[in-house]
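The values are calculated or read from the model by the stated rules, or taken from the named source; none is laboratory data. Since the model is a prediction, treat every value here as computed from it, not as a measurement. We place every Cβ from the backbone using ideal geometry, glycine too, and count neighbours over all the protein chains shown. When the accessible area is computed, the model is the full protein with side chains, heavy atoms only, and any ligands, DNA or RNA have been set aside. Shrake-Rupley method; radii C 1.70, N 1.55, O 1.52, S 1.80 Å.
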Amino acid sequence: LGVGVGAVSTLDGVRRRNLPSLGRYVGALRAGEQPPRELELLDADTRARERLLLGLRLDEPLALSREVREAVDRDAAVRLAARGLVELGANGGGGTLSLTRRGRFVGGGVTAELLA
C-alpha cells in the first residue's frame, strides 16, 4: 500500500500510482476527491515475475506458487544453487527459493538470470 504523492500500490492485479504533483494531490484531498493517479492492469505473468523479484528480497524463503514456478528458469535455478547463490527448498511440494548470503551481494544479477 502506497500513501502520498508519487506512491505506488498494487492490489488485485491493478497498480495505482499517485501522480507526483503535491499541489494537485493536496487540492484533490481538500475537494474530497481521489488524488490524480495512473492505473496499470497487470497480467498474470507480470504479477508472477514481480512476486519473484520482490520475494527474493525478503529474509525468509519465498514459497513458490505454481505461477511463480512457471516464471523461474529451472535450469538457471539449479546452476545458481550449484554456485552457492540460491537455495532451493521443499515446501509441501511447491518448493521455496531464497538467495544465499553470497547471492544477496549480486541479487539483481541472480534475479535476472532466474527470469531469463
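For the chain, what does the helix formula give at 222 nm: sum of -39500 (n - 2.57) over DSSP H segments with n ≥ 4, over the residue count, nearest 500 deg cm²/dmol?
The helix-only estimate for the chain comes to -12000 deg cm²/dmol at 222 nm.
Provide the FRET efficiency to the nearest 0.05 for the V106-L19 pair, computing r from the beta carbons and using R0 = 35 Å. Present the calculation step by step, with values, prior to reporting the outcome.
Working: r = 35 Å, r/R0 = 0.99.
Efficiency computed from Cβ-Cβ geometry: 0.50.
Could you please state how large a percent of the accessible area of the chain is carbon and sulfur, counting protein chains only and using a 1.4 Å probe? Walk me through the intermediate numbers first.
Numbers: 3890 of 7490 Å².
Of the solvent-accessible surface of the chain, carbon and sulfur hold 52 percent.
With every protein chain left in place, what is the accessible area per residue of the chain in square angstrom, probe 1.4 Å?
Values: 7490 Å² over 116 residues.
Computed with neighbouring chains in place, this is 65 Å² per residue.
Shape of the chain from its Cα gyration tensor (a ≥ b ≥ c, root eigenvalues): rounded if a/c is under 1.5, otherwise prolate when a/b > b/c, or oblate?
Details: a/c = 3.20, a/b = 2.47, b/c = 1.30.
Prolate, because a/c is 1.5 or more and a/b exceeds b/c.
What net charge do the residues around R17 carry, taking every other residue with its C-beta under 9 Å from that of R17, with Lys and Arg at +1 and Asp and Glu at -1?
On the way: positive: R15, R16, R37; negative: E38, E40.
So the environment of R17 carries a net charge of +1.
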